[in-house]
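The values are calculated or read from the model by the stated rules, or taken from the named source; none is laboratory data. Remember, it's a predicted structure, so these values are computed and weren't measured experimentally. Cβ: placed from backbone, ideal geometry, glycine included. Neighbour counts: every protein chain shown. The protein model used for the area step is the full one, side chains on, heavy atoms only, and it has no ligands, DNA or RNA in it. Shrake-Rupley method; radii C 1.70, N 1.55, O 1.52, S 1.80 Å.
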Amino acid sequence: MKGLVLAGGSGSRLRPITHTSAKQLVPVANKPILFYGLEQIRDAGVTEVGIIVGDTGPEIRDAVGDGSAFGLEVTYIPQDAPLGLAHAVLTAEPFLGDDDFVMFLGDNLIEGGIRHVVEAFERDAPAAQLLLKQVPDPHRFGIAELDDDGAIVRLVEKPEDPPSDLALVGVYLFTSAILDAARRIEPSWRGELEITDAIQLLVTEGRPVRASLVEGWWLDTGKKDELLEANRVVLSTVEGRVDGTLAEGSTVTPDVVVEAGARLVRSHVRGPAVIGPGTVLEDVFVGPFTSIAGDCRLERCEVEYSVVMERCHLRDVPRLEGSLLGRDVRIARTERRPAAHRFLLGDHAEVEITEGRV
């Protein structure tokens, strides 16, 4: 079995962050989202992986390399344009050949990994195996309708009137039958070749298509609030450790990670939280569900429920919450202190806080 990871797309829902960075490399608990999927594919025993890349391909290549750091052998597959998941599968046909494969969307996170799903697929040998999860807003996703026996009878992509609340999670297992089906479908109203249409063709033709329900969490990190929620959930699973320096009365709770080279001075971190390598906190309070990446500097700040990416400098920010800051962001207070601020800032942004609320 091979792996196919989709790491193209423009990431429009995470702009301005994704104007200068691949959405799959935005960090959750200080690790790029893409890395979680690669690790779960490896842990399922799949080591030969193709990665679909688009305009951000060079950045993905720099981050993943040849895959050896993950115990993988990686092949990069350029896709001219994001024309749908089925189009991505057809683009990867020379890499996939006749092999079975697991397809993983590069901006999704799943609790517990996929080993058990891969084992079930190899044991039962259906044409396709889908992961489903109950969601409160099914119109945003590809949706599966099941019969009374739990068999898939219909798939609909982002329906206005959803037939169920069972969303297709961003992990699929296929035989090469999906390639033939993808070649025989037409573009949808969105102008894309939808994987749901290709799977529906398999169902219509009587090919066995199985479904498994995801019992734990599934996180689609396509928007700021979704990414912050993913950060919260993943941080809740982190085991605390202090490899950096706590100076001048600094304290951390047991569920905090302080990476090597980080230094806290007169600062307090209440976890779960992660402080990256080389980051300096002076007179700072960090609240729960916050990840601060490497080489940042925070002075006289309060930060909670936020993601702060590399090399940010925050000075005299009285309270930052529910925020996602890109790389190299600078925020500094100039006059009065508002009670709280909320930001979604792209790389290299600079903000000066004056009176009133931003």
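Counting only residues that are among the acidic types (Asp, Glu) and under 26 Å from the mean Cα position of the chain (by Cα), which one in region 176-227 is least open to solvent (accessible area, probe 1.4 Å)?
Residue satisfying both the conditions and the ranking: Glu194.
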Q. Can you name every residue in region 160-171 that is out of contact with any Gly (no Cβ under 7 Å at 6 or more places or on another chain), open to solvent by 10 Å² or more (accessible area, probe 1.4 Å) and either assigned to a strand (DSSP E or B) or free of Cβ contacts under 8 Å to residues at least 24 places away in the same chain (or both)?
A. Glu160, Asp161, Pro163, Leu166
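Among the residues of region 105-152, how many are among the aromatic types (Phe, Trp, Tyr) and under 16 Å from Gly45 (Cβ atoms)?
Adding up the residues that qualify gives 1.
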Q.
Considering only region 49-57, I want to know if a residue exists there that is of a type in the set (D, E, K, R) and under 30 Å from Ser236 (Cβ atoms).
A. no
**Q.** Matching residues, region 49-62, being surrounded by fewer than 17 Cβ atoms within 10 Å (Cβ to Cβ) and either hydrophobic (A, V, I, L, M, F, W, C) or within 13 Å of Leu4 (Cβ to Cβ) (or both)
**A.** none
Q.
Just to be sure I understand the filter: pairs with C-beta atoms under 6 Å, separated by 6 or more residues or on different chains, first member in region 195-211 and without any contact (Cβ under 8 Å) to a residue 40 or more places away in the chain, second member surrounded by 19 or more Cβ atoms within 10 Å (Cβ to Cβ). Which pairs pass?
A. Leu201/Ala181
(Q) Consider region 71-121. How many of its residues are open to solvent by less than 30 Å² (accessible area, probe 1.4 Å), outside any loop (DSSP other than H, G, I, E, B) and aliphatic (A, V, I, L, M)? (A) 13
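Please specify each residue of region 122-142 satisfying the condition of being among the small types (Gly, Ala, Ser), open to solvent by less than 20 Å² (accessible area, probe 1.4 Å) and out of contact with any Phe, Trp or Tyr (no Cβ under 7 Å at 6 or more places or on another chain).
Of everything in region 122-142, those that are among the small types (Gly, Ala, Ser), open to solvent by less than 20 Å² (accessible area, probe 1.4 Å) and out of contact with any Phe, Trp or Tyr (no Cβ under 7 Å at 6 or more places or on another chain) turn out to be Ala127, Gly142.
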